[in-house]
Amino acid sequence: MTGRATVPVDIVGGFLGSGKTTLLRRLLEQGTGERVAVVVNELGEIGIDGLVVGGLGFGERMVELSSGCICCQLDTVHFEIALNELCDDVDPDRIVIETSGVAGPGTLARRLADLGRPLGSVITVADTANLDRVLAEPIGAAQIAAADFLVPSKLDLPETRGLAATEARLRVLNSRALIVPGPVDQVGLRLLFGSGLPAGPAGRPGPAAERLDRPVRADRPAAGAAAPALDLESVSWRTDRPLERRAMLQVLGALPPAVYRAKGVVRYAGASVPALVNVTAGRLQSQWEPALDDAAGPGGALVFIGRDLPAWRDGLLAALDACVASTV
């Protein structure tokens with residue numbers, strides 16, 4: 001069972017009518033390989049069919065789909081209690097929360113931080129057919145600026161601005177976020193709603209780091225304005241020795257732009273509890289997690305996901321090796 005406090009929470013935002021529901025419906029129908037609980041504003045609007053499972057004390061009807069995903073509404077007044085109930089009753093690997101079309105993600109992100117919950121991704125759906133209207137609204141511009149991932153929607157409509165023009169406009173407000181055009185395929189879903197802690201093979205004896213390269217690719221037929229297929233690769237790193245905290249945070253805080261995600265659990269030299277680390281599109285989070293003490297091991301395990309792996313793999317692995325503490 002995943003520890004209640006360590007379940008990552010993703011935020012999905014976007015201006016009114018941007019296509020958040022379409023993205024969430026794809027997530028619910030296709031899944032990501034994890035048990036994902038999706039919290040929506042209006043359960044009736046999502047338009048899904050599934051098994052109605054037991055209601056939460058501070059939630060409304062809860063539906064379980066064949067993909068393994070759960071869809072529900074929560075009582076926003078008793079938000080903390082409702083989230084805890086959701087974790088206890090459903091045991092999700094990840095929670096995805098839809099914000100309203102006129103809400104910025106910052107308020108929810110701060111609320112999650114106050115509750116000690118790790119923020120996974122901030123995903124904003126950008127309406128390419130009404131982009132000028134969206135960007136003219138302060139909240140619409142704020143939603144774009146806060147995103148880790150931007151999902152241009154409605155690229156198949158005649159009135160769309162097109163992907164190139166949309167990207168140019170979005171980059172003025174947000175140069176950091178990765179742009180993942182819709183409709184999002186399964187590889188894209190796994191990137192947006194990334195897996196939790198790395199579950200690599202057991203570490204081999206000795207202090208040597210373990211290095212595993214794995215391609216993550218999907219084919220998408222070329223049609224109209226559809227984006228090219230995501231061509232992602234991942235590399236995992238593991239050590240059985242503690243790490244120097246300052247050196248590790250410097251490495252994680254200066255990852256190449258082609259590294260879209262990094263995540264894992266590490267144990268720093270001299271620390272009594274391990275730390276959960278997560279980098280999403282350049283945004284670094286690191287927090288102490290006593291609940292992971294038994295599972296953390298003596299050193300650390302990290303996985304990095306991105307593109308153009310040969311260009312940065314060797315340099316990154318060498319930098320990680322240099323973070324291993326010389327003495328325990």
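Coordinate-derived values only; no laboratory data. Small disclaimer: the values here were computed from a predicted structure and weren't measured. Note that we place each Cβ from the backbone using ideal geometry, even for glycine, and neighbour counts take in every protein chain shown.
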Each residue of segment 247-252 in order: what ³J(HN,Hα) in whole Hz does its phi give by Karplus 6.51 cos²θ - 1.76 cosθ + 1.60, θ = phi - 60°, with x for Gly and Pro? 5, 5, 5, 5, 5, 5
Calculated from backbone phi, Karplus (6.51, -1.76, 1.60) coupling profile of segment 289-301 in Hz, x at Gly/Pro: 9, x, 5, 9, 4, 6, 8, 6, x, x, x, x, 9
Taking segment 274-328 and dividing mean pair separation by its residue count, relative contact order in percent (alpha carbons under 8 Å, at least six apart): 22 percent
Tell me, what HN-Hα J-couplings in whole Hz come from the Karplus equation 6.51 cos²θ - 1.76 cosθ + 1.60 at θ = phi - 60° for each residue of segment 268-275, using x for Gly and Pro? 8, 4, x, 8, 8, 10, x, 10
Positive-end residue of VAL277, VAL303, VAL259, charge dipole of segment 244-328 with Cβ unit charges: VAL259
In nm, to one decimal, how far is the modelled label at ALA168 from the one at ALA136, with both set 7 Å along Cα→Cβ? 2.0 nm
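Taking 8 Å as the Cα distance limit and 6 or more residues as the minimum spacing, I'd like the relative contact order of segment 227-328 as a percentage.
For segment 227-328, the relative contact order is 40 percent.
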